[in-house]
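Take a look at the structure set out below.
The values are calculated or read from the model by the stated rules, or taken from the named source; none is laboratory data. Given the structure is predicted, the values throughout are model-derived calculations rather than measurements. Every residue, glycine among them, receives a Cβ derived from its backbone with ideal geometry; neighbour counts consider all protein chains shown.
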Amino acid sequence: MATRYSYDYLVIGSGLAGLWFALHVADRGRVAVVTKKACAESNTYYAQGGIASVWDADDSFDSHIEDTLSAGVGLCDQAAVRAVVTEGPGQIRALIDLGARFTSVSGHLHLGREGGHSRARIVHARDTTGREVEQTLVQAVKAHNKIDVFEHHYAVDLITEHHLGQYVTRLRPDISCFGAYVLDAGREEVCTFLAKVTMLATGGSGAVYRHTTNPPIATGDGVAMAYRAKARIANMEFVQFHPTALYRTGAGTQPSFLISEAVRGHGAVLCNQSGHRFMKEYDDRAELAPRDIVARAIDDQLKQRGEDFVLLDITHKDARETEQAFPNIVRTCRRYGIDPVRQPIPVVPSAHYVCGGVQTDLNARTSIGGLMASGEVASTGLHGANRLASNSLLEALVFSRRAATLAPDLAAGRDRKRTVPDWDASGTVRPHEWVLISHNRDELQRIMWNYVGIVRSSLRLTRARRRARLLYEEVEDFYARTQISDRLCELRNLIAVGYLIIRSAQMRRESRGLHYTLDYPESVEAEQRPTLI
Ligand code: FAD
Ligand code: SIN
């Protein structure tokens, strides 16, 4: 018999969303956090710019709400926006109380400026905000006697009635989650984690694209698991490409090093290779326009001029100030032979954030009983068609806190299903043809990059879907015959996420926010609604 664990709360993922939930729910029951690599490895760790929040007496909730709604182009859920904006500052205060140290000047938090924000409101720890936040949380969670952390444990599938032998379709209204099957990498064993409430906090899906700012853990596992479990998935067509990732000749594909939007907030300008500052031709806000606009402008420049990168220039600013504000960015660029205080930085857009995900209500409940979701894996309604810069760490804080408040009530009405069977690995063998599978991952990333990128068309989407279908069939066949591994599961999940993005993009017959298609270049009022699968 395989190893079985039983907890009140199972948290899948150890970024900000998972750990913030774990810390707040732990006084109401025992918590297991499973995470596929070392605990700190997450998108959270690499966050640079900071956390958007109304902090200054001159700022207002209404202004932050207005900026968020304006970036989301008609698709934000107003209640979600209000909740995140108004509850956010309290959560940042709680993070500071836990030990996070943010950059201050004369005893006041220094507030950075980013695109789409009408004023400076980004709380940050220089240019390594995520590292500060993640390290603070990991320390607190590891010290907590009610939380057990299982590193190098890969969640394979959510357990539902399907695993009890019942026929479950998407039309069934009362699907329940009883925990998850989790691959323990050390023992090469699939364990059963039973829980009254499961929190899905697996983060993003950037690895579905050939070029991404996300670390390799971002393979969309949570969205894919929830989709297989028949949860409702929303707005997957809205993929945010960060305008400024460092361009490196002959670099590997992933991840691309991010040059924070805060650098533009600090005064950096974008020029093409002839030295022409082009952003004003695309938007009055120039370099500080929302990301979709800046990324499309760069894409347009690259296509018009047949060049591989544009230039981000901060050389006109005081060198010492730049070094102090962005020590990590300056150090990393120098390591690659570019000195940002003396020469412009070559940059290109790179896949950064999927605004869609597992649909939740205002308390992080999904459409499946006992399953909650928070952070990048979720679609809470905050971002709509485009995420405002630095709103996602804030979203994770607020929704995980809300989830932790509600979770004990959910848990009170639920049993741990002890009749759940062990993982069934019968009929599978060790893989012999791994090379075919690794090529499939590469192929998927190219398809997504070339056909489902910043600018789309119906023809490109049809092609992408046909090719993704073929990859799906090959991988499902392989999966049925092969002993599972994290690499194989990730590939399977990436294909599912790719499919969800393509299908959602096909369903939207207009351009809005991050979804831009040549066949429907305008926004259409009748299409102003979320895409649901
Ligand atoms: P993550 O932090 O990614 O955590 C997900 C966790 O789930 C990881 O521990 C991962 O290992 C684990 N996991 C995944 N799949 C499995 C599985 N199958 N089994 C077990 N564990 C699993 N946002 C901002 O608001 N401000 C910023 O300045 C900012 N800068 C960014 C810079 C970069 C380079 C990147 C990549 C993102 C940035 N973002 C920023 C976005 C933000 O960092 C993320 O949206 C946010 O951190 C997501 O938090 P999360 O907890 O949902 O996911
Ligand atoms: C950045 O620092 O530019 C990233 C901010 C974000 O993704 O919100």
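The figures follow:
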{"read-out": "Residue in segment 353-367 that is nearest to N272 (Cα to Cα), counting only those that are touching a residue at least 24 places away in the same chain (Cβ under 8 Å) and surrounded by fewer than 24 Cβ atoms within 10 Å (Cβ to Cβ)", "value": "Q359"}
{"read-out": "Qualifying residue in segment 418-433 (condition: assigned to a helix (DSSP H, G or I) and more than 13 Å from L494 (Cβ to Cβ))", "value": "no"}
{"read-out": "Residue match in segment 241-262 (condition: surrounded by 24 or more Cβ atoms within 10 Å (Cβ to Cβ), more than 21 Å from N328 (Cβ to Cβ) and touching a residue at least 12 places away in the same chain (Cβ under 8 Å))", "value": "yes"}
{"read-out": "Test set (1) within 16 Å of ligand 2 (Cβ to nearest atom); (2) out of contact with any His (no Cβ under 8 Å at 6 or more places or on another chain); (3) of a type in the set (A, V, I, L, M, F, W, C) - A52 fails condition number", "value": "(2)"}
{"read-out": "Filter result for D67 (among the acidic types (D, E), out of contact with any Asp or Glu (no Cβ under 8 Å at 6 or more places or on another chain), part of a loop (DSSP other than H, G, I, E, B) and within 23 Å of G130 (Cβ to Cβ))", "value": "no"}
{"read-out": "Those residues of segment 335-375 which are on the phi > 0 side of the Ramachandran plot and within 16 Å of ligand 1 (Cβ to nearest atom), in sequence order", "value": "G357, A364, G375"}
{"read-out": "Those residues of segment 376-402 which are within 13 Å of A22 (Cα to Cα), within 12 Å of ligand 1 (Cβ to nearest atom) and of a type outside the set (S, T, Y), in sequence order", "value": "A396, L397, F399"}
{"read-out": "Unique residue being more than 16 Å from ligand 1 (Cβ to nearest atom) and farther than 17 Å from K146 by Cα when the list is D97, D27, D8", "value": "D97"}
{"read-out": "Condition check for F326: on the phi < 0 side of the Ramachandran plot, surrounded by 16 or more Cβ atoms within 10 Å (Cβ to Cβ) and within 16 Å of ligand 2 (Cβ to nearest atom)", "value": "yes"}
{"read-out": "So A125, is it small (G, A, S), closer than 30 Å to A57 by Cα, under 24 Å from the mean Cα position of the chain (by Cα) and in a loop (DSSP other than H, G, I, E, B)", "value": "yes"}
{"read-out": "Count of segment 464-509 residues which are surrounded by 18 or more Cβ atoms within 10 Å (Cβ to Cβ), more than 16 Å from ligand 1 (Cβ to nearest atom) and outside any helix (DSSP H, G or I)", "value": "2"}
{"read-out": "Residue satisfying all of: in segment 40-86; within 16 Å of ligand 1 (Cβ to nearest atom) and hydroxyl-bearing (S, T, Y); nearest to E525 (Cα to Cα) among these", "value": "T68"}
{"read-out": "Among (1) within 16 Å of ligand 2 (Cβ to nearest atom); (2) surrounded by fewer than 24 Cβ atoms within 10 Å (Cβ to Cβ), the one test that A47 misses", "value": "(2)"}
{"read-out": "Filtered residues of segment 1-36 (kept if assigned to a loop (DSSP other than H, G, I, E, B), within 30 Å of S256 (Cα to Cα) and in contact with a strand residue (DSSP E or B) (Cβ under 9 Å, 6 or more places away or on another chain))", "value": "G13, S14, T35, K36"}
{"read-out": "R126 being closer than 12 Å to I51 by Cα, in contact with an Asp or Glu (Cβ under 6 Å, 6 or more places away or on another chain) and of a type in the set (D, E, K, R)", "value": "no"}
{"read-out": "Failed criterion for D422 (all others in (1) in contact (Cβ under 8 Å) with a residue 40 or more places away in the chain; (2) among the charged types (D, E, K, R); (3) closer than 30 Å to I92 by Cα hold)", "value": "(3)"}
{"read-out": "Residues satisfying the stated conditions in segment 329-378, i.e. more than 13 Å from ligand 2 (Cβ to nearest atom), over 28 Å from V452 (Cα atoms) and β-branched (V, I, T)", "value": "V330, T332, I338, V341, I368"}
{"read-out": "Options D361, D415; residue that is modelled with pLDDT of 95 or more and either part of a loop (DSSP other than H, G, I, E, B) or basic (K, R) (or both)", "value": "D361"}
{"read-out": "Residue list for segment 184-205, restricted to those being in contact with a helix residue (DSSP H, G or I) (Cβ under 7 Å, 6 or more places away or on another chain) and surrounded by fewer than 22 Cβ atoms within 10 Å (Cβ to Cβ)", "value": "A185"}
{"read-out": "Filtered residue count, segment 464-481, keeping only those that are aromatic (F, W, Y) and without any contact (Cβ under 8 Å) to a residue 24 or more places away in the chain", "value": "1"}
{"read-out": "First in segment 304-324 and under 15 Å from P344 (Cα atoms) and touching a residue at least 60 places away in the same chain (Cβ under 8 Å), second anywhere and of a type in the set (G, A, S) and in a loop (DSSP other than H, G, I, E, B), Cβ under 6 Å, 6 or more apart", "value": "L312/A268"}
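One line per residue, one yes/no per condition, for (1) modelled with pLDDT of 95 or more; (2) of a type in the set (S, T, Y):
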position: V84; (1), (2): yes, no
position: P89; (1), (2): yes, no
position: R93; (1), (2): yes, no
position: I96; (1), (2): yes, no
position: R101; (1), (2): yes, no
position: G116; (1), (2): no, no
position: I122; (1), (2): yes, no
position: T128; (1), (2): yes, yes
